[in-house]
Each structure stands twice: as C-alpha cells, then as structure tokens.
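Only the coordinates and a few stated rules stand behind these numbers; no lab work does. The structure presented is a predicted model; accordingly, all values stated were derived computationally and were not measured. Every residue, glycine among them, receives a Cβ derived from its backbone with ideal geometry; neighbour counts consider all protein chains shown.
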Amino acid sequence: MSVCMFPRPRVCSNCIPASSSFHEGCFEPVGDNTMVTPEGFNHEHPHGSLATVPSTSNNNVRSFSYNELRTATRNFRPDSVIGEGGFGCVYKGWIDEETYKATRPGTGLMIAVKTLNQEGLQGHREWVAEVYYLGRLQHKNLVKLIGYCAEDHHRMLVYEFMARGSLENHLFRHHQSQPLSWAIRMKICVGVARALAFLHEAEPPVIYRDLKASNILLDNDYNAKLSDLGLAKDGPTGDQTHVSTRVMGTYGYAAPEYMTTGHLTTKNDVYAFGILLLEILTGRRAIDYSQPSAEQNLLEWAIPYLMDKHKAYRIIDPQLEGRYSMKGARRIINLVCQCLVAESKLRPEMKNVVEILEPLQEKRLEDSTKL
Ligand SMILES: Nc1ncnc2c1ncn2[C@@H]1O[C@H](COP(=O)(O)OP(=O)(O)OP(=O)(O)O)[C@@H](O)[C@H]1O
Ligand SMILES: [Mg+2]
C-alpha cells in the first residue's frame, strides 16, 4: 500500500499527552479546520471491544477482504489516488456489479476505497460510526456504502464512485473546473437539505455534525450526496433537549452554542447548513487564512452586507458574472439569516428548509433574467 501523509489529521484527545492545553469549554484547531475537545470522552480501546464490525440492517453492505480491495485498486497504486482527507487516502477501483470481485480497470462498477491510515481511537471510531450509520440509512442524497474491510489492522470503506468529486473542488478550486452555474448550485443546496432532513427525521434522529463542502460529493449529474458520517451522533429523544458531547467538527461551520457547551441538537446542523449556503452563494470558504484578516471569517465578513438589503447582492460570487435569479438570491440570503440566528430554537427545521429551497430549483423564476 502506498504511504500517504494526512493533510488534515483528526486528533483524538485521549491520545494526546495529558500536558496538552485542551481544557473543558475550549477547543483548538487541529490540522486545517478540524477541532476537538476532550469533553465527555469515554475511554474504550479501539482494538478491544470496538474492533467488531457494527451490525447493519442492510444486507447489501458487503465485507471485503484486504486482497480483494488491493486487486480492485491495482495494489493501491499512487495513480489510483482520487483524494486524501483526515481519515486517509481514497483510491478508485473496479469491481464486478454482481459478484463484487475485482475487475479490470474500466469494466464493471467503479468504486472509491477509503483507507484508514490513522492510528488511535478517533479514526477507528469514525470508521465504526460510518459503517453503522451508512449501513442502516439509505437515501438518494447519502453516498452509498457498498462495503468495508476489517481484516487484521486494515480498516477500509468502499463507496459508490462519485464522478464529479467534492463540492469543495468545484466551489473553491477554480483552476480544476468551470464555475458552478446558479441552477446547479440550487440543485446542490436542495440535495444537501434533503439529506439532512432525512437524517433529522430518522428514529432516533441522527445529527450529522460535520457538514462542509468537502463532505458533499457530486455524481455525474451534479446530484449532491453527503458522505462521512463518522462524526454523526444519535440526537435527543423523548424529553431530552440535547445530547452532550465533546466538541468535534470543523471550524467556521460549528454553531456557537455547540462550541461553548458541547450541547448537540439538530439545530447545530441547521447552522452549519447556513454557513454552507453562504459559501455556495459567495464562492468563499467559511474560513480562509489566505485572505486579508478582515475577510478570513466568511460570516464576519458577510454580516454587514446581509444586514443591508441594498448591499446584500454584493456578496454573490463574482464568478457567476451576474447570471443568477434575483428572486432566488433574495430567498437564499433570507434563509442564510434564518439558519444562522443565534437563538438555536428559532432556526428552521431542515424539512422547512427543503420546502423553501425546492421552488428555487425551477429554472423559470419570475424575475430570473440571466439563468
Ligand atoms: N465516493 C467517492 N467518490 C469520488 N471521490 C471521493 C469519494 N469519497 C471521497 N472522494 C474524494 O476524496 C477526497 C477526500 O475525502 P475525505 O472524506 O477522505 O476527506 P475530506 O472530506 O477532504 O476531509 P475530512 O477528512 O475532513 O472529511 C474528497 O474530497 C473527494 O475528492
Ligand atoms: Mg470527507
């Protein structure tokens, strides 16, 4: 297997020295924007009881041997690498649609194989959570988990291949692709909103916790699918108002009340969705240290514009070159403000967000002149 370095390591607070500066109510950025606190952490060793594979209600999730995936990815060749995140490298591969046996490149079903390179508890926990949730929950806006590998120390995840990669690449890495049109941006917003609404309406509700542009994958027709349920958590049930967790997620997207208290509710995802909408609207990253200091935090930069309806249009992505629906943009700006309200209870439910967004997908809005 080729060795790869983590550009964005997730760090487990159990695995860092006790002298580290983490303390309750405080968080530190890890790697890029990933953050973590030690609050409420339960000490279980990953190679002990957690080493078992979670049971899923989906018989279609298949267990692969290490050798099968090695063959499917042509020995994890460097030129099979399609991406790399905090979990490890992602390789493309090919399998037979029926037998799931490795096939010659270019034949059968194309897959993405994510390899867990990280040692320690956090990576293993994310692997377990991913198999557990994606094995149980299927939706057209959630990436399909085809299977996993849990042989010896190897931990891998096998997904359907998403031909257009991540939203992050399309929004922010302009040299790699054409700017997304307004219509495609709306389609993506609806897809992501539907996925979150589906998770929030599950029994028990599932809180996604890691919404960001890199976790949204696009198929050939720009259908958006959420990937990475490794940080997902069962939400509150019955009389509970929240579940308590240590703070994990990504800087710039996490709701303020979650960062200060660790109290997790579905409204934390709604806040993150508001930030994502702002990214899609502006073409700017939630946090971007390459910008001048006043523009590094997208929300702080955008607030004065969002507060003034005459100035609000100035934040719209210049790459759209004015080709957007005025009416649609107005509604998106309103929705951003609703999702980012400080009082979490006042934020809309994701199912209401879906209702607001769905009509914006229609190409012919009354005053859309340049779509
Ligand atoms: N199913 C897939 N199909 C096609 N490409 C994929 C698939 N899964 C992941 N990728 C590619 O691999 C990249 C890395 O994904 P990964 O989820 O490991 O990291 P990330 O989302 O960038 O960061 P993080 O570790 O913080 O989630 C993605 O940005 C995407 O380009
Ligand atoms: Mg990811």
Listed residue pairs exceeding 22 Å between alpha carbons, taken from LYS225/LYS351; LYS101/LYS140; LYS101/LYS212 | LYS101/LYS140; LYS101/LYS212
Going fewest to most other Cβ atoms within 10 Å around each Cβ, MET110, MET307, MET162 line up as MET307, MET110, MET162
Take the Cα pairs of the stretch 269-316, get the Kirkwood Rh, then feed it into Stokes-Einstein at 20 °C and 1.002 mPa s and tell me D in µm²/s.
-> 196 µm²/s
Per residue, the convex hull volume that the Cα atoms of the stretch 62-160 enclose (Å³) | 102 Å³
Given pairs LYS92/LYS144; LYS187/LYS233; LYS92/LYS267; LYS114/LYS187; LYS233/LYS267 and cut-off 25 Å on Cα-Cα distance, the over-length ones are LYS187/LYS233; LYS92/LYS267; LYS114/LYS187
Based on other C-beta atoms within 10 Å, arrange GLU68, GLU362, GLU126 from fewest to most.
-> GLU362, GLU68, GLU126
The computed P(r) of the stretch 183-264 puts the percent of Cα pairs beyond 20 Å at 38 percent
Viscosity 1.002 mPa s, temperature 20 °C: Stokes-Einstein D of the stretch 167-370 from its Kirkwood Cα radius, in µm² per second?
-> 124 µm²/s
